[in-house]
1. Ala179 fails exactly one of the following numbered conditions: (1) modelled with pLDDT of 95 or more; (2) more than 26 Å from Gln68 (Cβ to Cβ); (3) in a loop (DSSP other than H, G, I, E, B); (4) within 26 Å of the chain's Cα centre (by Cα). What is the number of that condition?
2. Please go through (1) basic (Lys, Arg); (2) surrounded by fewer than 16 Cβ atoms within 10 Å (Cβ to Cβ); (3) over 29 Å from Gly211 (Cβ atoms) for Lys256 and return the number of the only condition it doesn't satisfy.
3. Take the residues in region 230-289 that are in a strand (DSSP E or B) and aromatic (Phe, Trp, Tyr); name whichever of them is nearest to Ile323 (Cα to Cα).
4. Can you find a residue in region 203-215 that is surrounded by fewer than 13 Cβ atoms within 10 Å (Cβ to Cβ) and not small (Gly, Ala, Ser)?
5. So which residues in region 304-326 are hydroxyl-bearing (Ser, Thr, Tyr), open to solvent by less than 50 Å² (accessible area, probe 1.4 Å) and part of a loop (DSSP other than H, G, I, E, B)?
6. Given region 1-72, what helices (runs of 4 or more DSSP H) lie entirely inside it while holding 3 or more residues that are modelled with pLDDT of 95 or more?
7. How many residues does region 72-91 contain that are in contact with a helix residue (DSSP H, G or I) (Cβ under 9 Å, 6 or more places away or on another chain), in contact (Cβ under 8 Å) with a residue 60 or more places away in the chain and not aromatic (Phe, Trp, Tyr)?
Amino acid sequence: MRNILIAFASFLLIVSCGKGKSSNQRILPESSGKINDLAVVVDNDLWEGSVGEGIRDVLAAPVRGLNQDEPLFQLSQMPPTVFTGFAKSGRIVLKIEKNDESPGVIAYKDVYARPQKVILVRGKTDDEIVNLLEEHADRIVSDLKNEEIKERQRRTKISLHKNNSIKENLGVSIQFPSAYRIAKEDKNFYWIRKDITTGTTNIMLYELPYGSIKENDSLVNQIIHMRDSIGEVYIPGPIDGSFMVTENDYTPFLAKTTIDDKPAIETKGLWDVKNAFMSGPFVNYVIDDQANNRLLVVEGFAFAPSVAKRDYMFELESIIKSIKFE
């Protein structure tokens, strides 16, 4: 009987601890904030000096591929004494500490709210902090941006467009909001678009033969030729004989990345319309789908004259990065 009581008491203790863990997880409030709004927790004197300049150089740098300067993140600085209560609920946070503890850059998850990404940069001197920011710039930006991509995708899932033909015809699933519509579907080509206040946001998906884009010295020219050929056939302008082409006066930015664990070439640049006064930014991904002996091309582009375009392009990028190969 005594052994049974001990076993029962142990079971209650385990259950109680389990409930305690769940309760601790629920204590964290839900994170909040606009997409790409970054809380920067740093002393005022550091913010006004070289450390502040270093932060702005890395995290308020212009977004590549836009036709006007817009920062990667909208920075909201506050000293540690103000970083309390609701101020801690921001989804992405950069904390700067100047003290004698071990210097470094550390990423934390769900510290004050959920979901949340907190990047801590700690150094003993101003110069050390600035050097750490510069040395780890790519990683810091990537960690914060990935958190915002996930949030943008979460918001998209609230009201998804229900389309099955993309999966049936291209063998991929892609999640985009119900506010978008299929503007054109032709065999294995899709043009998806959404009306916005001053124009449209757009996505294209199509296939190319495997090996038709080669990674060599002419890669940029190959991608430009590919885009212009597709634009001439599928994306007409407002007058006869006009169609979308790549802007000649702006050299596109190229980088290697992955989409659903498949290697891809990312291209960011500007488009315009031949024989018409229309232009805007684009982001293009050529995805290496060797398993299906093809290249899958996915592109997002925006037409939004006279307004900021960063958030429109960020939404398109988050949609593209939702692609899953079936």
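The values are calculated or read from the model by the stated rules, or taken from the named source; none is laboratory data. A quick note: this is a predicted structure, and the numbers were derived from the prediction, not measured. Every residue, glycine as well, gets a Cβ built from its backbone with ideal geometry; the counts of neighbours run over all protein chains shown. Side chains included, ligands, DNA and RNA excluded: accessible areas come from the protein's heavy atoms. Shrake-Rupley method; radii C 1.70, N 1.55, O 1.52, S 1.80 Å.
1. Evaluating Ala179 over (1) modelled with pLDDT of 95 or more; (2) more than 26 Å from Gln68 (Cβ to Cβ); (3) in a loop (DSSP other than H, G, I, E, B); (4) within 26 Å of the chain's Cα centre (by Cα) leaves (2) as the failure.
2. (3)
3. Within region 230-289, the match that is nearest to Ile323 (Cα to Cα) is Tyr285.
4. yes
5. Within region 304-326, just Ser322 meets the criteria.
6. 44-47, 50-59
7. Total satisfying the criteria: 2.
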